[in-house]
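Below is one structure, written out as structure tokens; comments come after it.
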Amino acid sequence: LNRRLAGMGTTIFAEMSALATATGSINLGQGFPDTDGPRSIAQAAADAVLNGRGNQYPPGPGIPELRAAIAEHQQRRYGLAYDPDTEVLVTAGATEAIAAALLALLEPGDEVIAFEPFYDSYAACIAMAGAVRVPLTLRQPSFRPDLDELRSLITPRTRLLLLNTPHNPTGTVLNPDELSRIAELAVEHDLLVITDEVYEHLVFTGAHHPIAALPGMRERTVSISSAGKTFSFTGWKVGWVTAAPELVAAVRTAKQYLTYVSAGPFQYAVAEALRLPDSYFEDFRSDLRRKRDLLAEGLSAAGFGVFEPAGTYFITTDITPLGEKDGIEFCRSLPERCGVVAIPNVVFYDNTDAGRSLVRFTFCKKDEVLQEAVTRLRRL
Ligand code: PMP
Ligand code: GLN
């Protein structure tokens, strides 16, 4: 393993899911639902396979039906107009979109400012691009960015801001005021913005606002999303990028040599999914909001400090009230102590002191699973 990837051997999600399997624990670690998405969408994927749609290499940028559905979705939800032929790119999940965008847009030595805690692939991909990550720490209890601090982190070497809203793992959803202040800084310092919006439909308090819709931002923003969370098919790995033509062309160049194209049949199914009626998105959100409340109450009753998330399907907790200090030790011992798996937030920090006692639980699980997990955690 080269020096750029030193210390990044196995993702925390793989480690903790393996621990859950080995110990037969309830896995509230890695974020994936225990109930698949809509049957009609699964049927669309099966039909595509059996009817020979997408079984051979699909077009590099993604099948036209899906690119059109993505453009329609951006228009209908956010009033953002993108040309499906030149401004939309289908990727192998948001993960590939993040990697391709960073590899395509960064020069070695460029600085990237990202909110810490950051999703683990950000640090790895910035490193693979030979660039330097500069963390802006979201601090408890609000986990909101200090935008004066953001301004102070910008240097002549800063090339881009890497945003994530709704934010994994804290659940922070950037509000219009924060977004416009970030946009002003990007314009003033001529920065690119990559925004990871995979949880755009998982917002319980307030609303999701894409930064690309703000003045001066459309031409400098690469927006990334994915079907995994929104439609509860995380294994399909269909993601996408929307951006101005030059930016999409750059990301496409990198994507060509990473995966060449993305798997075909699921693209047909996701094109249908994006056109599901509004009621699908509303029901999905209210179901998850109920689950959030169920888990939040249970974790509070079990003695955790709970930071209620406005979005995503994660709850960040503080284990200090339980008399614990170290999230990694806590998560490694939790399966044996009570048969539950969680994720230590500290692995998403450079400034590890800020995250040492924080632990993340996911609530995208059946009610009875959440209830059983809470019963077990109350025995701690
Ligand atoms: N970004 C964030 C913030 C995530 O939590 C995840 C995890 N699902 C991804 C990107 C990756 O998404 P995908 O599965 O579509 O690659
Ligand atoms: N995004 C999910 C999480 O944060 C899963 C990520 C993964 O397995 N790479 O839990």
Magnitude of the charge dipole, the stretch 1-82, Cβ model with Lys/Arg +1 and Asp/Glu -1, debye to 20:
320
Between Val134 and residues 5 or more places away or on another chain, the pairs with built amide H atoms under 5 Å apart involve Val112, Ile113, Ala114
What residues qualify as long-range amide H neighbours of Gly206, i.e. H under 5 Å apart, gap of 5 or more or another chain, H built at 1.01 Å from N?
none
Using modelled amide H (1.01 Å from N, peptide plane; none on Pro or chain starts), what sits under 5 Å from the amide H of Val222, excluding residues fewer than 5 places away?
Val193, Ile194, Thr195
Bridge orientation stat for the chain from DSSP, antiparallel percent rounded to 5, came to 50
Residues Tyr119, Tyr199 in order from fewest to most other beta-carbon atoms within 10 Å are Tyr119, Tyr199
C-alpha center-to-center spacing [the stretch 311-351, the stretch 149-182] in angstrom
25
Using label points projected 7 Å from each Cα along Cα→Cβ, tell me how many nm separate His189 and Gln56, to one decimal.
4.9
Counting only DSSP loop positions in the stretch 326-380, the trypsin sites (Lys or Arg not before Pro) whose Cβ has at most 15 other Cβ atoms within 10 Å are Lys366, Arg378, Arg379
Could you work out how far the C-alpha centroid of the stretch 93-136 sits from that of the stretch 232-277, in angstrom?
19
Percent breakdown of C-alpha pair distances by 5 Å bin, ordered from the shortest bin, for the stretch 248-347:
2, 10, 13, 14, 11, 10, 12, 13, 10, 4, 0
How much of the calculated P(r) for the stretch 81-156 lies past 22 Å, in percent of all Cα pairs?
37
Taking the Cα centre of the chain as origin, work out the dipole magnitude from +1 charges on Lys and Arg Cβ and -1 charges on Asp and Glu Cβ, in debye rounded to 20.
680
Any idea which of Pro176, Gly239, Leu163 is furthest toward the positive side of the dipole for the chain, if Lys and Arg beta-carbons carry +1 and Asp and Glu beta-carbons -1?
Gly239
If the elastic network links every pair of Cα atoms under 10 Å, which of Asn175, Asn164, Asn27 fluctuates the most in the Gaussian network model of the chain?
Asn175
Sorted from fewest to most neighbouring beta carbons within 10 Å, what does the list His167, His189 look like?
His189, His167
Pull up the cross-link candidates among the lysines for Lys325, meaning alpha carbon to alpha carbon under 20 Å and not fewer than 8 places away within one chain.
none
Lysines near Lys291 by alpha-carbon distance under 20 Å, same-chain residues fewer than 8 away left out - which ones?
Lys229, Lys365, Lys366
Does the stretch 39-273 classify as rounded, prolate or oblate by the C-alpha gyration tensor (a ≥ b ≥ c root eigenvalues; a/c under 1.5 gives rounded; else a/b over b/c gives prolate, otherwise oblate)?
prolate
Which of Thr35, Ala45, Leu19 sits closest to the plus end of the dipole of the stretch 2-74, meaning its Cα is farthest towards the positive end, when Lys and Arg get +1 and Asp and Glu get -1 on the C-beta?
Leu19
Sorted by Cβ neighbour density within 10 Å, fewest at the top, the residues Ser40, Ser262
Ser40, Ser262
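Taken together, the values in this text are just the output of simple stated rules run on the coordinates, not laboratory data. Note that the structure is a prediction, hence the values are computed from the model and not measured. Cβ atoms come from the backbone with ideal geometry, glycine included; neighbour counts cover every protein chain shown.
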